[in-house]
């Protein structure tokens with residue numbers, strides 16, 4: 001009970017307890033609001049990327065132009081280290097690179113045998129399903145092939161996500177997203193990448209007259 005000299009010790013402790021609880025609740029609400037804002041930001045980013053991809057990945061365009069377009073759309077928003085699009089030639093047992101962007105610029109990457117030197121690219125294509133590599137150690141264990149620039153500089157991506165282009169048991173190629181950070185791509189980010197890869201595949205496969213409804 002209060003007295004002439006103010007609240008009792010117990011009342012003062014109760015007030016402190018309520019204030020502490022209110023502070024904790026306020027901090028929890030702040031954290032939840034920050035998480036909601038971050039989620040909305042990512043949703044807006046995903047929506048924007050998909051809409052731009054739908055607008056700009058047009059069937060009938062040259063494969064290199066399509067690869068350059070997707071690179072331009074995703075490189076900064078997804079904080080990538082490297083990006084490439086490869087095509088599989090099953091009859092010749094070769095992989096050909098439409099585009100290989102690494103170290104801030106496009107590089108000339110020679111074709112290589114799928115079975116002898118295909119690395120992670122061939123592994124994902126032949127398994128006809130996406131392959132996610134979370135660390136450099138995992139990449140080495142899975143048989144990754146490193147580029148000359150990577151071997152010289154030592155700047156090798158940690159995370160690697162390769163998505164086959166096309167459907168069925170013989171995909172016609174692969175699009176790959178890479179980051180210098182380990183385990184950089186969340187499940188939601190990988191789903192976004194798969195959607196973008198599917199749009200890329202449709203644009204590369206579908207003739208312009210079909211797209212325009214003229215077939």
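What follows draws every value from the coordinates through simple rules; no lab data is involved. Being a predicted model, the structure only gives us computed values, none of them experimental. All Cβ positions, glycine included, derive from the backbone under ideal geometry; neighbour counts span all protein chains shown.
On average, how much area does the Cα convex hull of region 78-159 cover when viewed from any direction, in nm²?
Reported value for the Cα convex hull: 5.6 nm².
Give me 160, 167, 97 ranked fewest to most by other Cβ atoms within 10 Å of their Cβ, as a rough exposure proxy.
Lowest to highest Cβ neighbour count: 167, 97, 160.
If you take the Cα Rg of region 35-190 and divide it by 2.2 N^0.38 Å, with N the number of residues, what do you get?
Output field value: 1.04.
Ranked by Cβ crowding within 10 angstrom, fewest neighbours first, how are 26, 134 ordered?
On the way: 26 10, 134 16.
Final ranking by Cβ density, sparse to dense: 26, 134.
Averaged over every viewing direction, what's the projected area of the C-alpha convex hull for region 58-103? Give it in nm², one decimal, please.
Mean projected area of the Cα convex hull: 4.0 nm².
When a footprinting reagent is the concern and you count Cβ atoms within 10 Å, what order do 100, 161 take, fewest first?
100, 161
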